[in-house]
Amino acid sequence: MRALEQVLDEVAELADPGRTVSDLPGGLTNANYKVVAGAGAYVVRRWSDDTGLLAIDRDNEYENSVRAAEVGVGAGVVAYLPEDNTMVLEWLEGTTLSAAELRAGTILDQVAAACRRLHGARRFRDDFDMFEIQPRYLEIVRRRGFRLPERYAEFEPHMAAIRDAFAVNDEGTVPCNNDLLAENFMLTSSGLRLIDYEYSGNNDPCFELGNIWSESNLSLAQLEQLVGAYYGRPSRHKVARARLWGLMSKYGWTLWASIQDGVSAIDFDFWEWGLEKYDRAVAEFDSPEFERLLEEARRRD
């Protein structure tokens, strides 16, 4: 890749000799920068070629980012330079949320409304299916000799049982972000915005809700509140479906962490991050509630 300053000179909005560039901390797969040029401010995202191992397709990310911006929920895309592993987006002035703020519960109705807005966008380019991504991650982990948590393969029959239960009430897919940890929500003067579309794709909306619940470790009551705000009421089979998708997200993202632990140069303990998710997944797989959730996901209430 060319140096950052060379790339910035190629983008008309950024080609300002008086521009300023500052690091944005917190990214787990990209190097992010805030660039102030002229009267505007922008986010510049750069990535390494290794992120392809994580099932990230940058052309898909770009096209879906454009579609999310069209419905006013994503940041506008200013430039896409795939040959330089770079994307430039508008700067959103606002507050990045935390898991603790989501757990406070006061903003969950806004979260549901933002998800509905995104899910009403033009269909995304590709699909996202954790039942397909998890085996792909697992093959990479085994082929490259990355670390695998104890008992991991033991739960593959549980994963198959979830998939079978979901097939009973398959209601199709909508454009989803699929990676809505708290830090990918921004509270702005124009409302709640959703950022980062690396894992975006058409998916079951209950995955989005279950993944939000899982990523911020919300309570079960808060999951019911989120599902109720999204659908109009917290029906039992929707809550069960979202809980099981949250379980699947923990099981799958554990392998994401294993791959990052093996390849990433970012100063972050990916292994411990993944094990925390995995331990919560094991507790749910081993719980006597697991069979009940499968039954409720199959039902129509």
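Just the residues that are out of contact with any Lys or Arg (no Cβ under 8 Å at 6 or more places or on another chain) and either assigned by TED's automatic domain parsing to the domain that holds K34 or part of a helix (DSSP H, G or I) (or both), please, taken from segment 99-114.
Passing the criteria: A99, A100, E101, L102, R103, L108, D109, Q110, V111, A112, A113.
Select, from L220, L293, the only residue that is in contact with a Leu (Cβ under 6 Å, 6 or more places away or on another chain) and assigned by TED's automatic domain parsing to the domain that holds F185.
The match here is L293.
Table: residues versus (1) part of a strand (DSSP E or B); (2) closer than 11 Å to L89 by Cβ.
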| position | (1), (2) |
| --- | --- |
| V35 | yes, yes |
| Y42 | yes, yes |
| A68 | no, yes |
| V73 | no, no |
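With respect to P17, determine if the residue is at pLDDT below 95, more than 18 Å from the chain's Cα centre (by Cα) and of a type outside the set (G, A, S).
Yes, satisfied.
Which fully enclosed helices (runs of 4 or more DSSP H) of segment 155-265 have 2 or more residues being in contact (Cβ under 8 Å) with a residue 60 or more places away in the chain and surrounded by 23 or more Cβ atoms within 10 Å (Cβ to Cβ)?
Answer list for segment 155-265: 205-215, 220-231, 236-263.
Condition check: out of contact with any strand residue (DSSP E or B) (no Cβ under 8 Å at 6 or more places or on another chain) and either surrounded by fewer than 13 Cβ atoms within 10 Å (Cβ to Cβ) or more than 20 Å from N211 (Cα to Cα) (or both). Does R147 satisfy that?
Spelling it out, R147 is indeed out of contact with any strand residue (DSSP E or B) (no Cβ under 8 Å at 6 or more places or on another chain) and either surrounded by fewer than 13 Cβ atoms within 10 Å (Cβ to Cβ) or more than 20 Å from N211 (Cα to Cα) (or both).
Scan segment 271-288 and give yes if some residue there is at pLDDT below 95, over 18 Å from the mean Cα position of the chain (by Cα), of a type in the set (D, E, K, R) and surrounded by fewer than 17 Cβ atoms within 10 Å (Cβ to Cβ), otherwise no.
No, segment 271-288 has no match at all.
Pull up segment 73-114, narrow it to residues that are surrounded by 16 or more Cβ atoms within 10 Å (Cβ to Cβ) and among the polar types (S, T, N, Q), then point me to the one that is nearest to N184 (Cα to Cα).
That would be T86.
Do you know which residues across segment 115-126 are part of a helix (DSSP H, G or I) and surrounded by fewer than 22 Cβ atoms within 10 Å (Cβ to Cβ)?
R116, R117, H119
The values are calculated or read from the model by the stated rules, or taken from the named source; none is laboratory data. Just so it is clear, the structure is predicted and the values come from calculations on it, not from any experiment. So basically every Cβ, Gly included, is an ideal-geometry build from the backbone, and we count neighbours across all protein chains shown.
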